[in-house]
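As C-alpha cells, the structure follows; a few thoughts come after it.
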Amino acid sequence: MVDMVSEDNGLLSIEQVERRVQEQTRAKRTRDRRAELIYPFLAGIGLLIVWELGTRVLNIPIYLFPPPSAVIVSAVKNWELLLRESWITSVEILAGYAVSIAVGIPLAFAIFRWPVFSKSIYPLLISSQAMPKVAVAPLFVVWFGFGLFPKVLIAFLIAFFPIVINTVMGLASIEREKIYLAQSMGLSSFETFRLIRLPNALPSIFAGLKISITLAVVGAVVGEFVGGDGGLGYQLMVANGSMDTPLLFAGIAALTVLGVLFYWIVEVVERLSMPHLERSPDIAGSV
Amino acid sequence: MPAAAIKPETSPYLEIENLSKVYASNDGPVRALDRVSLQQKRGEFVSIVGPSGCGKSTLLMIAAGLASSSEGQVLVENKLVRAARTDLGIVFQNHVLLDWRTALENVMLQAVARKMDLRVAEQRARELLAAVGLQGFEDKYPRSLSGGMKQRVSICRALIHDPPHLLMDEPFGALDSLTRDQLVLDLQRICSERSTAVLFITHSIAEAVFLSDRVVVMTPRPGKIDRVIDIDLPRPRTLAMRESPEFAHYSREILDVFLARGILKE
Ligand SMILES: Nc1ncnc2c1ncn2[C@@H]1O[C@H](COP(=O)(O)OP(=O)(O)OP(=O)(O)O)[C@@H](O)[C@H]1O
Ligand SMILES: [Mg+2]
C-alpha cells in the first residue's frame, strides 16, 4: 500500500490508479466466476440435504419419493445402463437438432429472400405450430416403426420452429440506415447479406438455437416414450413400470445433465462467434 | 489541379429539381418536402440549416438515391439518379456503425465493399482515425466508444475512398465544441485538398457560415427552401474569422430568416 502513494503530493498518479482499477477488475472477475460456480453448487447441496432429511423425517416410502442417497446408489449401480441409454438419446437429440438447423436456417433464408415463400409457407408454418406435435408421435410409430428415425423426426419437428422464427426475425429486423449504408457502398445483395444482414441477425439466430436444443431433448424423449426400445426415455418407462423410482430419478437426472451440457455447448459456440458481445468488466462490476 | 481547371459554373455536379416528398402514414400523409430545387457544383460546400423535422435528412437520403421522391428528380452529372448512388460518402445522423466490427474494421468496410487495395486502405484508415483523435481505439468495438467517438469513426468511413461527393447529416452533433472546431478545420482542409463537394446538414449557424460557399435555409412543414445565402469569405477560413463583422453579418442574415418565420422568437 505504501508504494502506491507517490512522493510529491500524496495523491495517486493515473498510472497507479489504472493499475489498481485493473487489479480490482481482475479480482472481481475471478471472484464472479468462482461465485458463478460456487453459489449454485452450494444451493444444490443445500437442497439435497433438505430433501434427504425431509424424506427420512416424514418417512416417505422409497417408491413414492426416494431420498437422494437412494438415487445416487441406483445411479452408481446402473451406471453402465444409464451411460448406454444416454448415448442412444444423445444421438437422437443431436441428429434431430442437426436436421433442425439444416432445414430451419435455409428455410428462414428462403422465407426472407423470396416473398412468394414468405406469403405462402410462413402463415402455414405458423399455424402448424398450433398443432401439438407430441400428438402425432404415435402416428410416426405406425409409419416408421421403432428405430432411430421416428425419434429424430419428432425431435426435429419440435425443435426446428424457433430456429426458423428467430432467424427470420433477426434478418428482418435491421435498421434501414444499415441497408442504406450497404447500398451507398455498392454492395451486392449477396454481400450485404454476408457482411451486414447475417451478422446483424446472429444474436437472434442464437436465441433460437438455444431454445431449440432444449426442445430437441424433449422431442427425443417423447419419441422414446411412445415407441422406444432404448434410450433414457424408454428406460424411464421401464423403471416406472417396475416401480423402480430411484432409477427413474437417476434417469431424469441423466436427462437433465444432457440438456444442460448441450445448452452449454451452444452457448460456448455463441460466445465464440460473437466476440464483441463479451461481457465487459465495467457492466459486470456495476451489477 | 485538374478539378479547378473545369470551370465549376459550367458543370453542376448535383441537380435537385422540384423535389417533393410526402410520406404516407396511417394517420394521414406527412408533407416532408415541397418543391425543393438545389444545385451543387463540383467542389462546392453547401450547407442546409433548418429546424428539426423540416425534411433535411429526407432531402439528403433522396439526393443519395437511397429514398424515392414523390415528385421531381435528382441528377448527377446530368444523369438521372434511379438507384443508390455509389459516388459518395455518407455520414448518417446516427453513426450506423456495425457493432460486430471494431472501429478500424468499420472504416475498412468501405474499402472491402469497393474492393480497394486493402493494405493501402488500412494504412489510410489508420491515418484517418488518428487524424480525428482516435489513435489507440482502432481495435475497440463500438460499444466501448462514446457517442462522439462513434460519429468520428463513421466520418472516417465516409472519407476513406476519397469520394467526389460527401453527404453529411449533422456529423458533429454529438461532439464537444473543441473537437467540433478541430473537425470543422480538418473537414475544410480535406475538402479543399481533394475538391470534394459537400452537402452538409447542421443545426449550427456558425458552423454553416464557417464551412460553406452557400447556405440553404429551410423552413418546416412542409420543408421548403426559404433563402440561399452565398458566403463570400476568403479561404482558408480561420477560427479568428468567426469574430469578424462579415461573419456576424452572415449569421445575422440566417437568424433573421428564422425570426421572420416565427421559428425563433425574441
Ligand atoms: N419514414 C418516415 N415515415 C413517415 N414520416 C417520416 C419518415 N421519415 C421522416 N418523416 C417525417 O418527415 C419529416 C421530415 O423528417 P426528417 O427526418 O427529414 O427531418 P430533419 O430535418 O432531418 O429533422 P432533424 O433535424 O430532427 O433530423 C418529419 O415531420 C418526419 O416526421
Ligand atoms: Mg435529420
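The values are calculated or read from the model by the stated rules, or taken from the named source; none is laboratory data. Note that this is a predicted model, so its numbers are computed, not measured. Note that we place each Cβ from the backbone using ideal geometry, even for glycine, and neighbour counts take in every protein chain shown. Only protein heavy atoms, including side chains, enter the accessible area calculation; ligands, DNA and RNA are left aside. Shrake-Rupley method; radii C 1.70, N 1.55, O 1.52, S 1.80 Å.
For region B:206-247, filtering for residues that are away from ligand 2 (no atom under 16 Å from the Cβ) and either within 14 Å of another protein chain (Cβ to nearest Cβ) or assigned to a loop (DSSP other than H, G, I, E, B) (or both) leaves 11. Please give the number of the condition A:Leu64 fails out of (1) part of a helix (DSSP H, G or I); (2) in contact (Cβ under 8 Å) with a residue 60 or more places away in the chain; (3) of a type outside the set (D, E, K, R). The failed condition is (1). Scanning region B:29-39 for residues that are of a type outside the set (Val, Ile, Thr) and under 17 Å from B:Thr58 (Cβ atoms) returns B:Pro29, B:Arg31, B:Ala32, B:Leu33, B:Asp34, B:Arg35, B:Ser37, B:Leu38.
Inclusion of A:Lys133 among residues that are within 19 Å of A:Ile211 (Cα to Cα) and among the basic types (Lys, Arg) is warranted. Only one entry in B:Asp169, B:Asp139 is within 13 Å of another protein chain (Cβ to nearest Cβ) and within 16 Å of ligand 1 (Cβ to nearest atom), namely B:Asp169.
Yes/no matrix, rows are residues, columns are (1) farther than 30 Å from A:Ala75 by Cα; (2) modelled with pLDDT of 90 or more; (3) not basic (Lys, Arg):
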site: A:Ile179; (1), (2), (3): yes, yes, yes
site: A:Ile213; (1), (2), (3): no, yes, yes
site: A:Asp229; (1), (2), (3): no, no, yes
site: A:Leu232; (1), (2), (3): no, yes, yes
site: A:Phe249; (1), (2), (3): no, yes, yes
site: A:Val266; (1), (2), (3): no, yes, yes
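For the criterion of being away from ligand 2 (no atom under 16 Å from the Cβ) and either at the interface with chain A (Cβ under 10 Å from one of its Cβ atoms) or open to solvent by less than 20 Å² (accessible area, probe 1.4 Å) (or both), B:Phe45 passes. From the set of residues in region B:160-174 that are away from ligand 2 (no atom under 14 Å from the Cβ) and open to solvent by 20 Å² or more (accessible area, probe 1.4 Å), which is farthest from B:His249 (Cα to Cα)? Here the answer is B:His161. Given the structure, is B:Arg114 charged (D, E, K, R) and either within 16 Å of ligand 1 (Cβ to nearest atom) or buried (at least 18 other Cβ atoms within 10 Å of the Cβ) (or both)? No; evaluated as a whole, the condition is false for this residue.
The single condition among (1) more than 12 Å from chain A (Cβ to nearest Cβ); (2) in a loop (DSSP other than H, G, I, E, B); (3) in contact (Cβ under 8 Å) with a residue 60 or more places away in the chain that B:Val74 does not meet is (2). Restricted to region B:77-104, and to residues there that are within 13 Å of another protein chain (Cβ to nearest Cβ) and among the acidic types (Asp, Glu), the residue that is most open to solvent (accessible area, probe 1.4 Å) is B:Asp99. Just to check your reading of the model, which residue among A:Ser184, A:Ser188 is touching a strand residue (DSSP E or B) at 6+ places or on another chain (Cβ under 7 Å), among the hydroxyl-bearing types (Ser, Thr, Tyr) and within 14 Å of chain B (Cβ to nearest Cβ)? Being touching a strand residue (DSSP E or B) at 6+ places or on another chain (Cβ under 7 Å), among the hydroxyl-bearing types (Ser, Thr, Tyr) and within 14 Å of chain B (Cβ to nearest Cβ) holds for just one of A:Ser184, A:Ser188, which is A:Ser184. Among the residues making up region B:210-236, a single one is open to solvent by less than 10 Å² (accessible area, probe 1.4 Å) and at pLDDT below 90: B:Gly223. Among the conditions (1) of a type in the set (Phe, Trp, Tyr); (2) open to solvent by 100 Å² or more (accessible area, probe 1.4 Å); (3) within 26 Å of A:Val221 (Cβ to Cβ); (4) in a helix (DSSP H, G or I), A:Trp51 misses just one, which is (2). None of B:Val107, B:Val184 is buried (at least 16 other Cβ atoms within 10 Å of the Cβ), more than 14 Å from every other protein chain (Cβ to nearest Cβ) and either at negative phi or touching a residue at least 24 places away in the same chain (Cβ under 8 Å) (or both) except B:Val184.
Among the conditions (1) open to solvent by 20 Å² or more (accessible area, probe 1.4 Å); (2) away from chain A (no Cβ under 13 Å); (3) within 16 Å of ligand 2 (Cβ to nearest atom); (4) modelled with pLDDT of 90 or more, B:Met61 misses just one, which is (2). Report yes if B:Leu109 is at pLDDT 95 or above and away from ligand 1 (no atom under 16 Å from the Cβ), otherwise no. Spelling it out, B:Leu109 is indeed at pLDDT 95 or above and away from ligand 1 (no atom under 16 Å from the Cβ).
When A:Gly228 is tested against (1) away from chain B (no Cβ under 14 Å); (2) of a type in the set (Gly, Ala, Ser); (3) over 24 Å from A:Leu82 (Cα atoms), just one condition goes unmet, and that condition is (3).
Okay, residues lined up against (1) open to solvent by 10 Å² or more (accessible area, probe 1.4 Å); (2) in contact (Cβ under 8 Å) with a residue 60 or more places away in the chain; (3) among the charged types (D, E, K, R):
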{"position": "B:Glu122", "(1), (2), (3)": "yes, no, yes"}
{"position": "B:Leu134", "(1), (2), (3)": "no, no, no"}
{"position": "B:Ser146", "(1), (2), (3)": "yes, no, no"}
{"position": "B:Lys150", "(1), (2), (3)": "yes, no, yes"}
{"position": "B:Val153", "(1), (2), (3)": "no, no, no"}
{"position": "B:Ala158", "(1), (2), (3)": "no, yes, no"}
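Please work out if B:Phe247 is under 16 Å from the mean Cα position of the chain (by Cα) and more than 13 Å from ligand 1 (Cβ to nearest atom). No, not satisfied.
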